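Read the figures in this text as sums done on the coordinates, not as results from a lab. Since the structure is predicted, the reported quantities are computational estimates derived from the model, not experimental observations. Virtual Cβ from ideal backbone geometry, glycine too; neighbours counted across all protein chains shown.
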Amino acid sequence: MDGIDGIEKGLAPADFLLLRREPQNPHDGLAILILDPTGRKIGYIPRVKNEVLARLMDAGKLVFGRLESKVWLHGWLRLAIRIYMRDP
């Protein structure tokens, strides 16, 4: 399994990012996992920003992201993601 360094090298602006709810996450019942275009785990939507998205996803809305930019800050990969919603 690639570490985040390997995953980051494969990410490019405008890449599709899958968002997957993790309602059973023991740390955050509103957790939203971020996956790269190949399905590898990148991380999570920050807890302070996930409530509305989680509620929309729980209501059956299709929510996904597109990578806007990426930058390393103090050893952390910071992603700017534009979020989209589709009502199936």
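If the Cβ limit is 7 Å and pairs must be 6+ apart or interchain, which residue in region 28-51 that is closer than 22 Å to residue 12 by Cβ pairs with which residue that is surrounded by fewer than 13 Cβ atoms within 10 Å (Cβ to Cβ) and among the small types (Gly, Ala, Ser)?
Qualifying pairs under 7 Å: 36/10.
Residue-by-condition table, conditions (1) assigned to a strand (DSSP E or B); (2) buried (at least 17 other Cβ atoms within 10 Å of the Cβ):
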position	(1), (2)
8	no, no
19	yes, yes
56	no, no
66	yes, no
71	yes, no
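Could you check how many residues of region 21-49 are more than 10 Å from the chain's Cα centre (by Cα) and not in a strand (DSSP E or B)?
Final tally of qualifying residues: 15.
Which residue pairs have Cβ atoms under 8 Å apart, sit 6 or more places apart or on different chains, and have a first residue in region 4-23 that is more than 19 Å from residue 75 (Cα to Cα) and a second that is acidic (Asp, Glu) and not in a loop (DSSP other than H, G, I, E, B)?
Listed by first residue and then by second, the contacts come to 13/68; 21/58; 23/58.
Here is a list: 3, 29, 60. Which entry is in contact with a helix residue (DSSP H, G or I) (Cβ under 9 Å, 6 or more places away or on another chain) and among the small types (Gly, Ala, Ser)?
Just one listed residue meets the conditions, 29.
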